[in-house]
Amino acid sequence: MHLPPPTLPPGRPDPKWLRRQLLVQRVVLALVLLLSLATLSVWQFPPIAGYMPFLAHSNIAMAFAAMFCALSLIIAEPGNPKWVIAIGQILALLPAAFTTGILVASTLPQMGAPGTAVESLQQAFTTDNLSLLPVSVLLLLSVVMTLVHSERTWLRRASDLLVALLCLLTLILVSQDVFGAFGFFHLNAADLISFQFLGYAVLFTLVVALRQAEYGAFRIFLGDGIGSRIARVVAPILVLWPFLREIGESQIIEHHLIPSHFAPSILTSLAAAVFMVFLLALVWRINSMEQEIHDLTLRDDLTGLYNMRGFYLLAEQTLRLAKRAKMPFSVLFIDLDGLKQINDQLGHRTGSQYLVETGELVSSCFREGDVKGRFGGDEFVVAGQFSIAGIQIAVQRLEAAVARKNERSTRPFPLSFSVGHVTTDYYSTETLEQMVSKADEAMYEQKKHKKTSRL
């Protein structure tokens, strides 16, 4: 028996995605702590730098700032007591202090400070290529970490904006290094941000964005609704496309792959074609999701057949088509025998399995164009363009399928139906409700006959 999984409100984060993003946070923070502690170990014990040459020129202040950022986010993890989270928010201020130290160390020589003090500070704090933009990322990260757990609505909204700004600044730094590493746009090594800082910025931005997704506007990426599914697919495409286009355009023009006067028109047309394909795929996906929602409102969860609302909606249309085509129309009413006894003696789960098997037989023994439904409980109904002979043959086909199933079964209660049906001609004025009622009465007559024949 297959039951559909429970669904969540569209705006509520899915616990499955919350668990996944929490695991990602913990792995990233553990990696940052490991790297920062390794950097500090190389600083304190220079001989071990030979075993970790990639950390030999790392900035000490940056390592301290990263360590305190990681500790702050670990301590302020959701679910911890409020006073523990408050300690984590206080620790978030320390990276701002180290950032200030970096700025002071870079400005002391210009201020004419004593040489010894300058050298000692610069040895610990100075880092290459740390311009105003990277420093802004560090300061913004400290502010965001103090606001990400705020309970007040306006602070959460402010945190949403700051996290979005942090993601933007980090994306600028990453694209700068990527373009420079490949020599795009005539960038060189002097224009690159240090790998240590860039790695910390990317990892912490990822953690903060995931943490904010539990509370603010970013939680749409963690939901299970249509909007959340679309957002998870669309977001990476929208982020990557401008970079791919700029790189492609620069390479095409630089290597003269196409005439320069054709480049703008070709690239613009190509972009329009790509987005049109993307739009079609998106619309197709939305339509398929709308169909799923439509089926949920018209179908029975247990059997997959139409529920009463869905049956009447589709059967009314089928009846009108039959009258228009001057074809006879039949309604078949089916009642599963002994369901109460099965539930009492074998349990409701077994009773539900009997209902599922009945739905499968109804689906397999009738045509695809026939309307098949379950009215709830043990009652099933079928409507379609049948003559009297045609509906009788369909009933015989159903009874034969039931007999074959019972031959293979060892259960104490065989699968048994009581059936009633009614047929009308195209000129009849009977409504669908009247036909269903008559078929129901015919079914009860057969059920009474079964009971009296056993006595």
| The lone exception for PHE278 - which of (1) modelled with pLDDT of 75 or more; (2) out of contact with any Gly (no Cβ under 8 Å at 6 or more places or on another chain); (3) aromatic (Phe, Trp, Tyr) it fails | (1)
| task | Assess whether GLU316 counts as being among the charged types (D, E, K, R) and within 16 Å of GLU430 (Cβ to Cβ). | result | yes
| Complete set of residues in the range 146-159 that are buried (at least 20 other Cβ atoms within 10 Å of the Cβ) and at pLDDT 80 or above | SER159
| note | Scanning the range 205-221 residue by residue, those surrounded by fewer than 19 Cβ atoms within 10 Å (Cβ to Cβ) and over 17 Å from the mean Cα position of the chain (by Cα) turn out to be LEU206
| task | Name every residue in the range 64-76 that is surrounded by fewer than 22 Cβ atoms within 10 Å (Cβ to Cβ) and at pLDDT below 80, in order of residue number. | result | PHE64
| said: On the basis of being farther than 11 Å from PHE333 by Cα and surrounded by 11 or more Cβ atoms within 10 Å (Cβ to Cβ), does PHE417 make the cut? | reply: no
| field | strands (runs of 3 or more DSSP E) enclosed by the range 318-386 - at least 1 residues per element that are surrounded by fewer than 21 Cβ atoms within 10 Å (Cβ to Cβ) and within 34 Å of the chain's Cα centre (by Cα) | value | 371-376
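The values are calculated or read from the model by the stated rules, or taken from the named source; none is laboratory data. Note that this is a predicted model, so its numbers are computed, not measured. Neighbour counts run over all protein chains shown; Cβ positions are idealised from the backbone, glycine included.
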